[in-house]
1. For every other residue with a beta carbon closer than 13 angstrom to the beta carbon of residue A:236, add +1 if it is Lys or Arg and -1 if Asp or Glu, then tell me the sum.
2. What whole-number value in cubic angstrom gives the convex hull volume per residue for the C-alpha atoms of the protein assembly as shown?
3. Can you compute the FRET efficiency between residue A:55 and residue B:288 using 1/(1 + (r/R0)^6), with r the Cβ-Cβ distance and R0 = 51 Å? Round to the nearest 0.05.
4. With everything on Cα atoms, drop me the angle between helix B:238-247 and the longest principal axis of chain B, reported from 0 to 90° to the nearest 10.
5. For a test of understanding, tell me how many lysine pairs in chain B have Cα atoms under 30 Å apart, given they are 8 or more places apart or on different chains.
6. Quick check on packing: order B:252-265, A:182-195 by the mean number of other C-beta atoms within 10 Å, highest mean leading.
7. Does segment B:260-348 come out rounded, prolate or oblate by the C-alpha gyration tensor, with a ≥ b ≥ c the root eigenvalues, rounded set by a/c under 1.5 and, if not, prolate when a/b is larger than b/c and oblate if not?
8. Find the relative contact order for segment A:104-258 and round it to a whole percent, using C-alpha pairs within less than 8 Å whose residues are 6+ positions apart.
Amino acid sequence: MVVGGAIIWALVVGLLLYAGHARREPITARKASWLILGGGVAFPVIVLFCLLAYAVWLMPQIRPFMPALMDNKPQIEATGEQFWWRLRYLDDGGNTAFETANELRLPVGERTTFRLKAADVIHSFWIPSLGGKMDMIPGRDNVLSLEPTKTGVYRAPCAEFCGTSHALMAFSVIVMERPDFDAWRQSRIEAAAMPQPAHPGRDLFFRHGCAACHTIAGTPAIGRIGPDLTRIGERQTIAAGTLANTKDNIARFIREPDAIKPGVEMPAFGMLPDGDIEAIAAWLGGLK
Amino acid sequence: MLIRWRHVVATLVALPLLGFFIGWLGIIPLGASGGHWAVTDWFLHWVMRNSTRTAALRVETPPPLDDPARLPLAAGQFEMGCARCHGSPAQGRSAATLAMLPPPPDLGRVVPTWTDAELFQIVQHGIRYTGMPAWPTTNREDEVWSMVAFLRKVPGMHADTYRELAGLSATPSGTVEPPSMTCDSCHAESRLDAGSLIPSLAGQSVAYLLESLRAYAEDKRPSGVMQTAMSALDKDDFPALAAAYAARPRQRLAPESADPQALDHGRRLAETGDAARRIPACLTCHEKRDGNPSYPRLSGQSPAYLATQLRLFVSGKRGGGPYADLMKTAAENLDEADIQALSAYFASR
Ligand SMILES: [Cu+2]
């Protein structure tokens, strides 16, 4: 992209200098009108037509306009909420296999189909490195499909203004080899049946009512108003791409989420007794 | 003589100066002993009535005022906050207040001359230049309406009825004369039932009682009634009071019969919430054996009181202790049917 841009830039500047410096006879009116017709009408029409044809050819793969006919059932349901992403991995029957939030894992070299929803206002789902964006609209299911071709970690911002913390609403995408992906997926499915061991932070999490809004597999926490916190310790970031995932940042977010993300739907817990927040953060950060 | 511009200007400058001068001389009589001239009296009262009538146009339509549960807290508030000026069915006006200018009227006689909305306006906002105070908070229209309901009953009220309503007869012995208001005048379990707007404190957690008392004292939880009740109380007495009430056994204030469908709806919301409507499960915070003691006990509480508090949370007027924001978030999306159902469920739990 940079190289292409540089070449075009050099060409344009070169032409400009040529036109400015070379002293020649003016070309004839006939020649001039051909130049205008050719360079100003025919050339762009042909180029744009080719691009359009290519895009139309590409479209069904990215956005299956008749998803029922094309045999790709959604494998992931993504819901935009103010100001985070609810991500549900679906099984073959279309039921939720497990839920997570704010971090997507995908197998490389395969097409994954998404069902996109919104819980409150319009958001937009966009992983710039993998493909086009699509709006998430309340009361509507949109379908998008993407095929990552390289493993790695990508960032995906919300691409539709959705409120005060819109700019703080992103998720990370980890593209993995198929076997790694399968192992991860399987372990997440099994997490529900694996009781989490005792921990002081765990007791405090329940004592203070965090379970009202959060789910953690392997514990009695089944709140569904906020993000699923199962194995939150393995994520790259917390609070929808806003802070690096460290225990200090988790503690900070619990203490004053509204200072970090204005308008956030989670109440601040700064009034908890000293040490409780740190203990909870230590437990959450260790959930891997 | 021709009136020129400079005459006008000179007069405009001189008049206020003259006013200040007379004020400075100290010859304006402000003593109340002589009373007003009859014409001044008539004029001031006439202005007051007109102003009240106009201001009352803003008052929304009154809620139903016939609920007898409105009377005890209003009667208690009347005894604590109004009787010393206006007298009460149990006690006449003192000579000291009759010497006020204007003197506080006998409410039994004047109440019938006002509409509900006008009474609301007077009790909520007070009357300027007369000594008639405003309600201690502007955030509790429900309390003010209860007072209006009570004032309606004052004409012709028997002294014993009044003492019974205000809880004056609930004071343990007859040794104190005249009987005075105590916390138990309102909060004694024996005076509460399923319709009570006064909460039961028995068996509540110490931490929550203490935080609530502090919240009232620091103006973080608006309630004209409780703020008046606590005005004579010392901060150092809070812990003992909280501990005493917490130690009492709780009696269940559930109604004898409740709509089973509502109870069921209430139980479901309490146990699982409704994620689609962003209502969390109440039992993840309340009523947990090992829960945070600042999250109050709701079981057995009067359903009418619970419903009032939930409505206050929904409208953002409740306030409370350091944890109150959590409850505000939890209640945000409740509608009236949820509130009825949850109150019935927790009362009978
Ligand atoms: Cu958004």
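Only the coordinates and a few stated rules stand behind these numbers; no lab work does. Computed from a prediction, not measured in an experiment: that's the story for all the values here. All Cβ positions, glycine included, derive from the backbone under ideal geometry; neighbour counts span all protein chains shown.
1. Values: positive: A:105, A:155, A:231, A:235, A:288; negative: A:103, A:234.
Taking every Cβ under 13 Å from that of residue A:236, the sum is +3.
2. On the way: hull volume 212.6 nm³, N = 637.
With only Cα atoms used, the protein assembly as shown gives 334 Å³ per residue.
3. Working: r = 57 Å, r/R0 = 1.12.
After rounding to 0.05, the efficiency reads 0.35.
4. 40
5. 11
6. Details: B:252-265: 14.4, A:182-195: 12.9.
The packing order, highest mean first, is B:252-265, A:182-195.
7. Working: a/c = 1.28, a/b = 1.16, b/c = 1.10.
Note, shape of segment B:260-348 comes out rounded.
8. Details: 252 pairs, mean separation 28.0, N = 155.
In percent, rounded to a whole number, it is 18.
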